[in-house]
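*Asks:* Sending over a structure as structure tokens; questions will come in a sec.
The values are calculated or read from the model by the stated rules, or taken from the named source; none is laboratory data. Treat the numbers as computed from the prediction; the structure is a model and nothing was measured. For neighbour counting, all protein chains shown are included, and Cβ atoms are generated from backbone atoms with ideal geometry for every residue, glycine included.
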């Protein structure tokens, strides 16, 4: 079934599971429409592969509207592809030209082992959240919401940090595979708000400790994370987290 | 009409306003020491699942959470855009618990249970309090208080929001609470696991069979109670605003194990979605209902008008919602707005290349906001361009992410030309039948959030899905589960080598073997698309006895074709997304048949269920309260065989009336 006039060559990373060795395989993507999303292009290729008795390419995806954070392709050397501010599922084929060769890899990083082909294991992010990415308030403890007044600017800045979708593009973009942008976004959101201030010291120390244990690298202020983040999470969050961390380290040592 | 003896809704006695308070204060409790030995399985990690799991773990129960995604944070609640309703009356515009209750019953076209809906309205305020305490960054005013906006079907401002990402922020709040419990060891998290069946012993739910989606291995898990928080089944239509992985499998397996399915035909078609662009389309994208606060919907007055929107003068535009429904205008409920769009397009007034779209236009309100900003800034005689630029900034702050998303998908700039929109499948009001405790007809098996049928009747109002998911998880199940578990404190954990577990696992294995053995010629997606076409054409926005009868036969044939000609590549013991899809599509096919049968049985129009034979002269839905004021709860009796049980809906506090938004 033909959908459009674009013909492309794909070089895609194939890897059976985390213990096996991977390699690039070449596929033809024929009859592609510029209105298709990048993942719909993969759907078309996979349908063709299955119909001809071959194995489809495994990749993670779910909402296909740029918010769940599940899709995760490293396209021509950039997480989520050539356009800024969007996820792979929001990338459309009109961003490519007929005849292009496109190289597609999974996220790389010691803390993101490959599960199969383009799908990786990002459970390390969940464990970092368990270490401190919360306010300790049980259901039923809350007072009337308008008893906590929050300056609009603080609420807006906290929201900008909270917009992180946990996709891991920051780690994939970083030459050190650092997760500082992800961790700092949650630390910032909660430390900017009065609800989160009470536990801010334990939070930053515990989350950073878990981040290190998971095998993420250190931050060398390159800024690739911010440049590649589909939600434009700011490097300022890393600065804020560093300040919180230093402050917490000094205070905690005195206790 | 009397309710079926098989359905006991367990609605507490007493006057409506006191039912929940009194019930909550007298429901049986489980003491803290006993909670530690009671195990609860939660399937699904969206708003309902995460909030329930976190709350139950906080109370001391041992909880296991399953989700098919790689992290609980990916559940599709994350994509909800517009907001969450609560009867806080912060805007001093006359809101109250009663008004939220009334709007919800009326919006649902008088097909929901009064007691459940009133409880929902009562706890709505607590949800906002809880979320704020967790650090959810809701939109605020300059004075530091919370901000509100309007949604369809209401005349007050009761919707709380976080830009166009309210679902994301609420889910991340619930996910944080969940991960806190995981860190403390109170919750065991099973991500990338899919529930394949419910295990029942002596008629009670006692656990599940799950498949580890990475290794492909089948697993047995025991629980004293099982909570299905697995969302809706809109993907039965193939194209919907649901995530690709959303499915009915958990609910359908429960149905086949004895849980009755309530009102399966009630589907919500959302009026404002980005139109289909081609046959490669894998999903549809919603443009939040909140846009109808500031966007005006119109089509040209002239058929097949080829001019650009900008070139069509004001007097040649038909703002058909404002014309037909002056009291609510662009903010009529979703079912009404969707049908009105379909009516205009079917009559030949649609816009865009496919002619299956209408305009959603922000120009007038951009100018209005611009003027207000100019006044605030004390600008004298600003140019039209300056006013527009100021207004554009206001619109950008309110809806920026939605406008960006629209541009990304369509390659058109909605700040410069109106959006083109068309209705799409968005939500399913139907779901597993539950009693007041949220328990299904299988003891110990519960359904929460979109997975149950309970609160939205035949049409859900905007910003009420988030409210219901969190109400069920944070504030209802923590109390109502005690009614059942207090009787289970003597039940020791049942070893999973029990024959019921062995048998259930063997059945799942047999089905997997069967799927691989077919080695047919067609892909899973082929069947899913074929099912979607039948459902959209014959069980979509308009239904008829003739079309539904045809659809049932076509679906039965499709089922035969699926089981004789599907091709599932790869192996079981690996990460195999085609196998996952095959299970889900097989269940969707069976559900599709039941949906059509339910729609055929309901000889009336109500809410999202519109039967062409039953409409007023003006084309409005015509209910038949004498014969259909009931919940249709279907019992599975074997292949293609479903028995109807009726739960009579008693309206003791609200007078039944023809819905009127004019």
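*Asks:* Out of B:582, B:599, B:542, B:586, report the one residue that is in contact with a strand residue (DSSP E or B) (Cβ under 9 Å, 6 or more places away or on another chain), modelled with pLDDT under 95, under 21 Å from residue B:239 (Cα atoms) and not assigned by TED's automatic domain parsing to the domain that holds residue B:218. If you could, list the steps in order and put the result at the bottom.
*Replies:* Numbers: B:582 fails: modelled with pLDDT under 95; B:599 fails: modelled with pLDDT under 95; B:586 fails: modelled with pLDDT under 95.
From the options B:582, B:599, B:542, B:586, the qualifying one is B:542.
*Asks:* Among the residues of segment B:514-522, is there at least one that is outside the structural domain of residue B:440 (by TED's automatic domain parsing), in a helix (DSSP H, G or I), closer than 24 Å to residue B:264 by Cβ and touching a helix residue (DSSP H, G or I) at 6+ places or on another chain (Cβ under 9 Å)? Talk me through it step by step, then tell me what you get.
*Replies:* Within segment B:514-522, the first condition is being outside the structural domain of residue B:440 (by TED's automatic domain parsing), and the residues that meet it are B:514-522.
Those still in the list that are in a helix (DSSP H, G or I) too: B:514-518.
Narrowing the set further to residues that are closer than 24 Å to residue B:264 by Cβ leaves none.
No, the conditions are met nowhere in segment B:514-522.
*Asks:* Give all pairs with beta carbons closer than 8 Å in which a residue from segment A:88-111 that is more than 14 Å from every other protein chain (Cβ to nearest Cβ) meets a residue that is loosely packed, with under 14 Cβ neighbours inside 10 Å and at pLDDT below 95; count only pairs at least 6 apart in sequence or on separate chains.
*Replies:* These pairs meet every condition: A:98/A:5.
*Asks:* Quick check: anything in segment A:169-179 within 13 Å of chain B (Cβ to nearest Cβ) and either modelled with pLDDT of 95 or more or in contact with a strand residue (DSSP E or B) (Cβ under 7 Å, 6 or more places away or on another chain) (or both)?
*Replies:* If we filter segment A:169-179 for residues that are within 13 Å of chain B (Cβ to nearest Cβ), which is where we start, we get none.
No, segment A:169-179 has no match at all.
*Asks:* Can you tell which of B:331, B:379 is free of Cβ contacts under 8 Å to residues at least 24 places away in the same chain and either on the phi > 0 side of the Ramachandran plot or outside the structural domain of residue B:621 (by TED's automatic domain parsing) (or both)? Working first, answer last.
*Replies:* On the way: B:331 fails: free of Cβ contacts under 8 Å to residues at least 24 places away in the same chain.
Result of the check over B:331, B:379: B:379.
*Asks:* Hey, could you check segment B:545-579 for residues that are without any contact (Cβ under 8 Å) to a residue 12 or more places away in the chain and either in contact with a strand residue (DSSP E or B) (Cβ under 8 Å, 6 or more places away or on another chain) or not in a helix (DSSP H, G or I) (or both) and say which is farthest from residue A:17 (Cα to Cα)?
*Replies:* B:569
*Asks:* So which residues in segment A:122-135 are more than 7 Å from every other protein chain (Cβ to nearest Cβ) and surrounded by fewer than 21 Cβ atoms within 10 Å (Cβ to Cβ), if there are any at all?
*Replies:* A:127, the sole residue that qualifies.
*Asks:* Do we find a residue being facing chain B (nearest Cβ under 9 Å), surrounded by 20 or more Cβ atoms within 10 Å (Cβ to Cβ) and assigned to a helix (DSSP H, G or I) anywhere in segment A:139-152?
*Replies:* From segment A:139-152, those facing chain B (nearest Cβ under 9 Å) are A:139-152; that's our starting set.
Still in the running and surrounded by 20 or more Cβ atoms within 10 Å (Cβ to Cβ): A:139, A:142, A:145, A:150.
Checking which are assigned to a helix (DSSP H, G or I) leaves us with A:145.
Yes, there is a match, as at least one residue in segment A:139-152 is facing chain B (nearest Cβ under 9 Å), surrounded by 20 or more Cβ atoms within 10 Å (Cβ to Cβ) and assigned to a helix (DSSP H, G or I).
*Asks:* Of the residues B:338, B:290, which single one is part of a helix (DSSP H, G or I), under 17 Å from residue B:153 (Cα atoms) and out of contact with any helix residue (DSSP H, G or I) (no Cβ under 9 Å at 6 or more places or on another chain)?
*Replies:* On the way: B:290 fails: out of contact with any helix residue (DSSP H, G or I) (no Cβ under 9 Å at 6 or more places or on another chain).
Exactly one of B:338, B:290 is part of a helix (DSSP H, G or I), under 17 Å from residue B:153 (Cα atoms) and out of contact with any helix residue (DSSP H, G or I) (no Cβ under 9 Å at 6 or more places or on another chain), namely B:338.
*Asks:* Among the residues of segment A:85-114, what is the count of those that are surrounded by 14 or more Cβ atoms within 10 Å (Cβ to Cβ), at negative phi and in a loop (DSSP other than H, G, I, E, B)?
*Replies:* First pass over segment A:85-114, keeping only residues surrounded by 14 or more Cβ atoms within 10 Å (Cβ to Cβ): A:85-93, A:95-96, A:100, A:102-109, A:111-114.
If we keep only those that are at negative phi as well, we get A:86-93, A:95-96, A:100, A:102-108, A:111-114.
Filter once more, so that each one left must be in a loop (DSSP other than H, G, I, E, B): A:86-87, A:91, A:96, A:100, A:106-108, A:111-113.
Adding up the residues that qualify gives 11.
*Asks:* Now for a different question. Every residue in segment B:117-137 that is part of a loop (DSSP other than H, G, I, E, B) and more than 7 Å from chain A (Cβ to nearest Cβ), please.
*Replies:* B:136 - this is the single residue of segment B:117-137 that is part of a loop (DSSP other than H, G, I, E, B) and more than 7 Å from chain A (Cβ to nearest Cβ).
*Asks:* Given the conditions (1) within 20 Å of residue B:446 (Cβ to Cβ); (2) touching a strand residue (DSSP E or B) at 6+ places or on another chain (Cβ under 6 Å), and given that residue B:496 satisfies all but one, which numbered condition is not satisfied?
*Replies:* Only one criterion is unmet by residue B:496, namely (1).
*Asks:* Out of (1) within 30 Å of residue A:90 (Cβ to Cβ); (2) within 11 Å of another protein chain (Cβ to nearest Cβ); (3) in contact with a strand residue (DSSP E or B) (Cβ under 6 Å, 6 or more places away or on another chain); (4) surrounded by 24 or more Cβ atoms within 10 Å (Cβ to Cβ), the odd one out for residue B:147 is which?
*Replies:* Unmet for residue B:147, out of (1) within 30 Å of residue A:90 (Cβ to Cβ); (2) within 11 Å of another protein chain (Cβ to nearest Cβ); (3) in contact with a strand residue (DSSP E or B) (Cβ under 6 Å, 6 or more places away or on another chain); (4) surrounded by 24 or more Cβ atoms within 10 Å (Cβ to Cβ): (4).
*Asks:* Further, regarding this structure: Among the residues of segment A:223-244, how many are crowded, with 18+ Cβ neighbours inside 10 Å and assigned to a helix (DSSP H, G or I)?
*Replies:* 8
*Asks:* Is segment B:213-226 home to any residue that is in the same structural domain as residue B:452 (by TED's automatic domain parsing), modelled with pLDDT of 95 or more, surrounded by 23 or more Cβ atoms within 10 Å (Cβ to Cβ) and not in a strand (DSSP E or B)?
*Replies:* Let us first name the residues in segment B:213-226 that are in the same structural domain as residue B:452 (by TED's automatic domain parsing), namely B:213-226.
Filter again for modelled with pLDDT of 95 or more, leaving B:213-226.
Now restrict to residues that are surrounded by 23 or more Cβ atoms within 10 Å (Cβ to Cβ): B:223-226.
Next cut, not in a strand (DSSP E or B) only: B:223-224.
Looking for residues that are in the same structural domain as residue B:452 (by TED's automatic domain parsing), modelled with pLDDT of 95 or more, surrounded by 23 or more Cβ atoms within 10 Å (Cβ to Cβ) and not in a strand (DSSP E or B), one finds at least one in segment B:213-226, hence yes.
*Asks:* So, residue B:408, is that one over 15 Å from residue B:163 (Cβ atoms), surrounded by fewer than 17 Cβ atoms within 10 Å (Cβ to Cβ), in contact with a helix residue (DSSP H, G or I) (Cβ under 7 Å, 6 or more places away or on another chain) and assigned by TED's automatic domain parsing to the domain that holds residue B:284 or not? If you could, list the steps in order and put the result at the bottom.
*Replies:* Numbers: over 15 Å from residue B:163 (Cβ atoms): yes; surrounded by fewer than 17 Cβ atoms within 10 Å (Cβ to Cβ): no; in contact with a helix residue (DSSP H, G or I) (Cβ under 7 Å, 6 or more places away or on another chain): yes; assigned by TED's automatic domain parsing to the domain that holds residue B:284: yes.
Considered against the rule, which asks whether it is over 15 Å from residue B:163 (Cβ atoms), surrounded by fewer than 17 Cβ atoms within 10 Å (Cβ to Cβ), in contact with a helix residue (DSSP H, G or I) (Cβ under 7 Å, 6 or more places away or on another chain) and assigned by TED's automatic domain parsing to the domain that holds residue B:284, residue B:408 comes out as no.
*Asks:* Can you spot a residue in segment B:417-426 that is modelled with pLDDT of 95 or more, in contact with a helix residue (DSSP H, G or I) (Cβ under 7 Å, 6 or more places away or on another chain), more than 14 Å from every other protein chain (Cβ to nearest Cβ) and within 30 Å of residue B:122 (Cα to Cα)? So that I can check it myself, show each step before the final result.
*Replies:* Within segment B:417-426, the first condition is being modelled with pLDDT of 95 or more, and the residues that meet it are B:417-426.
Cutting the leftovers down to in contact with a helix residue (DSSP H, G or I) (Cβ under 7 Å, 6 or more places away or on another chain) gives us B:417-419, B:422-423, B:425-426.
Subset that is more than 14 Å from every other protein chain (Cβ to nearest Cβ): B:417-419, B:422-423, B:425.
Remaining after also requiring within 30 Å of residue B:122 (Cα to Cα): B:425.
Yes: segment B:417-426 contains one or more residues that are modelled with pLDDT of 95 or more, in contact with a helix residue (DSSP H, G or I) (Cβ under 7 Å, 6 or more places away or on another chain), more than 14 Å from every other protein chain (Cβ to nearest Cβ) and within 30 Å of residue B:122 (Cα to Cα).
*Asks:* Filter segment B:602-639 down to the residues that are touching a residue at least 60 places away in the same chain (Cβ under 8 Å), more than 22 Å from the chain's Cα centre (by Cα) and within 17 Å of residue B:539 (Cα to Cα) and list them by number.
*Replies:* B:612, B:613
*Asks:* Quick check, is residue B:159 modelled with pLDDT under 95 and buried (at least 24 other Cβ atoms within 10 Å of the Cβ)?
*Replies:* Values: modelled with pLDDT under 95: no; buried (at least 24 other Cβ atoms within 10 Å of the Cβ): yes.
Against the criterion (modelled with pLDDT under 95 and buried (at least 24 other Cβ atoms within 10 Å of the Cβ)), residue B:159 does not qualify.
*Asks:* In addition: Mind listing whichever residues of segment A:1-28 are over 9 Å from residue A:116 (Cα atoms), within 13 Å of chain B (Cβ to nearest Cβ) and loosely packed, with under 15 Cβ neighbours inside 10 Å?
*Replies:* Across segment A:1-28, the qualifying residues are A:1, A:2, A:5, A:19, A:20.
*Asks:* Would you confirm whether any residue within segment A:72-79 is free of Cβ contacts under 8 Å to residues at least 12 places away in the same chain, more than 7 Å from chain B (Cβ to nearest Cβ), in a loop (DSSP other than H, G, I, E, B) and more than 24 Å from residue B:278 (Cα to Cα)? Give the derivation first.
*Replies:* Within segment A:72-79, the first condition is being free of Cβ contacts under 8 Å to residues at least 12 places away in the same chain, and the residues that meet it are none.
Within segment A:72-79, none of the residues are free of Cβ contacts under 8 Å to residues at least 12 places away in the same chain, more than 7 Å from chain B (Cβ to nearest Cβ), in a loop (DSSP other than H, G, I, E, B) and more than 24 Å from residue B:278 (Cα to Cα).
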